[in-house]
Amino acid sequence: MHRVAIIGGPRTGKTTKARVSACAGVEVCETDAWKGMAWSAQSERVVAWLVAHREDAFVIEGCMVVRGLRKYLRGHPGKPVDVVQVCETPREVLSRGQRRMQRGVETVFREIAEELLSRGVRIEREESA
């Protein structure tokens, strides 16, 4: 069983990567569906989704997933996922707001990477083109 979180800033290929898994029959949660919610509510939704699916193979992706992982680590024992795939390179020119979001994702990931590793989560970074 693999539980995979795909994280990264805007336009880094997270959804495209996740949809490949969907084609293989793995359940995929695209968190962009929750964009209209406040950030805290979105990250709480990520945590609730992780908890509800802890026995299933899945892929969860989106810019907000990293914040949900941080919230999970603060309030739950064990691994939130088996693998975190980090998408770092934007595939398009980003707006100022998207660049800020990219930096925010990177900052939160730096805060939690060591804890994820200590809990046995494998971290995979994309290969540079």
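The values are calculated or read from the model by the stated rules, or taken from the named source; none is laboratory data. These numbers were taken from a predicted model, which means no experiment stands behind them. Cβ coordinates were reconstructed from backbone atoms using ideal geometry, including for glycine residues, and neighbour counts include every protein chain displayed. The area values use the complete protein model at the heavy-atom level, side chains included, leaving out ligands, DNA and RNA. Shrake-Rupley method; radii C 1.70, N 1.55, O 1.52, S 1.80 Å.
Observations
- In the chain, the portion of solvent-accessible area held by carbon and sulfur atoms comes to 50 percent [1.4 Å probe, whole percent, DNA, RNA and ligands not counted].
- Cα gyration tensor shape of region 12-87, rounded if a/c is under 1.5, else prolate or oblate by comparing a/b with b/c: oblate
- Within the chain, the longest segment free of exposed loop sites, counting GluC sites (Glu not before Pro) that fall outside DSSP classes H, G, I, E and B and have at most 16 other Cβ atoms within 10 Å, spans 1-54.
- Each Cα pair under 8 Å and six or more residues apart adds its sequence gap; the mean of these over the residue count of the chain is a relative contact order of 38 percent.
- Rolling a 1.4 Å probe across the protein heavy atoms gives the chain an accessible surface of 55 Å² per residue.
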